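The values are calculated or read from the model by the stated rules, or taken from the named source; none is laboratory data. These figures come from a predicted structure and were not determined experimentally. Reconstructed Cβ throughout: ideal geometry from the backbone, glycine too, with neighbour counts over all protein chains shown.
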C-alpha cells in the first residue's frame, strides 16, 4: 500500500500540474474541452489558481508527521466534489462536450476520485483504523 505522504504528494502534483495548465492556456484548454460551449477563460484561471493553492497545501500537509483526520477528509471531499462536478459537466454537455474533452475529463475525474479514496485508506491504515468510518 502506498503511504499517505506519497498519496498527498501525488495529489499535489496533479493539482499543481493542472493548475498551471489552467492558468497558462485557459483559452486553448476551454476550446479543447468544448468547441461549441467553451468555459469562460476567467473560470479556468480561477480554478487554476485554486488548484495551485490546493497543491501547495497538500505538499505542506505531506510533510506533517501526523496530518489531522480533518485535513485528510477536507482533501478527499475536494477530490470527490471535483469528480462529481466533472461528471455533471459531461452529462449536461456544459463546457465539456468534445469527444477528447469528455475522454480526458472523465479520466482525470477517475484519477482524482481514486486519489481521494487512496488518501482515506492510507490514513486509516497508518492509524490502525478499521471499518467504513474514518
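Among the residues of the range 33-56, those that are more than 13 Å from the chain's Cα centre (by Cα) and within 16 Å of residue 105 (Cβ to Cβ) comprise 33, 34, 35, 36, 37, 38, 39, 43, 44.
Tallying residues that are in contact with a helix residue (DSSP H, G or I) (Cβ under 8 Å, 6 or more places away or on another chain) and at positive phi within the range 78-134 yields 1. Of the residues making up the range 77-126, those that are surrounded by fewer than 14 Cβ atoms within 10 Å (Cβ to Cβ), without any contact (Cβ under 8 Å) to a residue 24 or more places away in the chain and over 14 Å from the mean Cα position of the chain (by Cα) are 88, 91, 92, 99, 103. For the range 37-48, the set of residues classified as assigned to a helix (DSSP H, G or I) and either in contact (Cβ under 8 Å) with a residue 60 or more places away in the chain or surrounded by 14 or more Cβ atoms within 10 Å (Cβ to Cβ) (or both) consists of 41, 43, 44, 45, 46, 47, 48, listed by residue number. Can residue 59 be described as assigned to a helix (DSSP H, G or I), free of Cβ contacts under 8 Å to residues at least 60 places away in the same chain and either surrounded by 15 or more Cβ atoms within 10 Å (Cβ to Cβ) or more than 11 Å from the chain's Cα centre (by Cα) (or both)? Here the answer is yes, as residue 59 does meet what is asked.
Set side by side, the residues 70, 30 differ, and just one is more than 17 Å from the chain's Cα centre (by Cα), part of a helix (DSSP H, G or I) and crowded, with 19+ Cβ neighbours inside 10 Å, which is 30. Which residues, taken from the range 94-132, are under 18 Å from residue 37 (Cα atoms) and either in a helix (DSSP H, G or I) or at pLDDT below 95 (or both)? 99, 100, 101, 102, 103, 104, 105, 106 - these are the residues of the range 94-132 that are under 18 Å from residue 37 (Cα atoms) and either in a helix (DSSP H, G or I) or at pLDDT below 95 (or both).
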